[in-house]
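What follows is calculated from the coordinates using simple rules that are stated; it is not laboratory data. Here the structure is a predicted model, which is why all the values come from computation and not from measurement. All Cβ positions, even for glycine, are placed from backbone atoms using ideal geometry, and neighbour counts span all protein chains on display.
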Amino acid sequence: MAIVVNLDVMMAKRKMSLGELSQRVDVTMANLSILKNNKAKAVRFSTLEAICQALDCQPGDILEYLPDSGGQGEG
């Protein structure tokens, strides 16, 4: 996957638990866990905005693009 979610890194920097973030952004812990573990297929801008507000960060602090090393992409 070329887009990596560094939510766990930002949570650690802010010393915030998944439960606390879940309460602040009004997203279930299960859904945040999916996002945190790079299992999400998409994220709503409203969710990303709420996460950035709660963690006092920019979207680029959470999302990172890593080019695939395989040469040719999918599709």
Within the chain, helices (runs of 4 or more DSSP H) holding 3 or more residues that are in contact (Cβ under 8 Å) with a residue 12 or more places away in the chain and not polar (S, T, N, Q)
7-13, 18-25, 29-36, 45-55
Those residues that are small (Gly, Ala, Ser) and more than 11 Å from residue 51 (Cα to Cα), I need them from the range 13-38; list them, please.
17, 19, 30, 33
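Please state which one of 7, 21 is more than 11 Å from the chain's Cα centre (by Cα) and surrounded by 17 or more Cβ atoms within 10 Å (Cβ to Cβ).
Just one listed residue meets the conditions, 21.
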